[in-house]
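Trainee: Got a structure for you, questions after.
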C-alpha cells in the first residue's frame with residue numbers, strides 16, 4: 001500500500017461465489033488500483049479475534065462499484081459492505097478507521113508472513129448491525 005496515512009480511501013467488500021466456494025474480497029483504494037485480500041468470513045462476523053486474510057492480486061478501481069459475473073462468467077460478485085478507510089499510522093499495516101455498514105470503527109490490518117494478514121476490531125469499533 002502506498003504511504004499516505006490520514007488520507008481517506010474508498011473500500012469495498014465483495015461476496016465472491018464460484019460454484020460452491022464462497023469467500024469475501026476486501027479491497028482498499030491504493031492510487032490507481034485496489035489492494036485486495038481474501039477473507040473466509042462475511043464482514044459482519046469480524047470481531048475482536050483476528051480474522052486471517054490472504055493478500056491476492058490488486059484489482060481495478062471498477063470493482064468499487066461492480067456487481068456481476070467475473071472470471072469469464074464462472075463466478076459472481078456482489079457488494080457486502082463499502083465505505084471509506086483512513087489509516088492512522090505508517091503503512092503497510094496498523095490501525096485503520098473504517099466507515100462501512102458492517103466494518104465500522106477502528107480495526108487492525110497487519111501483515112503476518114509472506115501473503116498472510118489479519119483483520120480484527122480494535123477497542124472502539126462499533127458492533128455491526130444485524131444482517
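Trainee: For the residues 39, 27, what sequence is obtained by ranking on other C-beta atoms within 10 Å, fewest first? Show your work: numbers first, answer last.
Mentor: Working: 39 21, 27 24.
Arranged by neighbour count, lowest to highest, 39, 27 become 39, 27.
Trainee: FRET efficiency for residue 21 and residue 62, Cβ-Cβ distance as r, R0 = 22 Å, nearest 0.05? Working shown, then result.
Mentor: Working: r = 23 Å, r/R0 = 1.03.
Between residue 21 and residue 62 the formula returns 0.45.
Trainee: Among 20, 43, 69, determine the one that fluctuates most according to a GNM of the chain built with springs between C-alpha atoms less than 10 Å apart.
Mentor: Ranking 20, 43, 69 by mean-square fluctuation puts 20 first.
Trainee: What residues from region 13-49 fall in the zone where the backbone N is under 13 Å from a label point 7 Å along the Cα-to-C-beta line of residue 79?
Mentor: From region 13-49, the list is 13-15.
Trainee: Which of 59, 76 has the fewest other C-beta atoms within 10 Å, and how do the rest follow up to the most?
Mentor: Values: 59 18, 76 15.
With the sparsest Cβ surroundings first, the list reads 76, 59.
Trainee: Fully extended, how many nm does the chain gain between residue 72 and residue 115 (0.36 nm per residue separation, minus their Cα-Cα distance)? Numbers along the way, then the final one.
Mentor: On the way: separation 43, 0.36 × 43 = 15.48 nm, distance 2.55 nm.
Going from the current span to full extension adds 12.9 nm.
Trainee: Another one. Based only on other Cβ atoms within 10 Å, what is the fewest-to-most ordering of 56, 28?
Mentor: Fewest-to-most Cβ neighbours within 10 Å comes out as 56, 28.
Trainee: Would you work out the Kirkwood radius for region 25-129? I mean one over the mean of 1/r across all pairs of different Cα atoms, in Å. Could the numbers behind the result be given before it?
Mentor: Details: mean 1/r = 0.0703 Å⁻¹.
The Cα-based Kirkwood calculation yields 14.2 Å.
Trainee: Another question about this same structure. Pick out which of 35, 80, 48 has the largest mean-square fluctuation in a Gaussian network model of the chain, springs linking Cα atoms closer than 10 Å.
Mentor: Result for the chain, Cα springs under 10 Å: 48 fluctuates most.
Taken together, the values in this text are just the output of simple stated rules run on the coordinates, not laboratory data. Small disclaimer: the values here were computed from a predicted structure and weren't measured. Ideal geometry is used to build each Cβ from the backbone, glycine not excepted, and the neighbour counts take in all protein chains shown.
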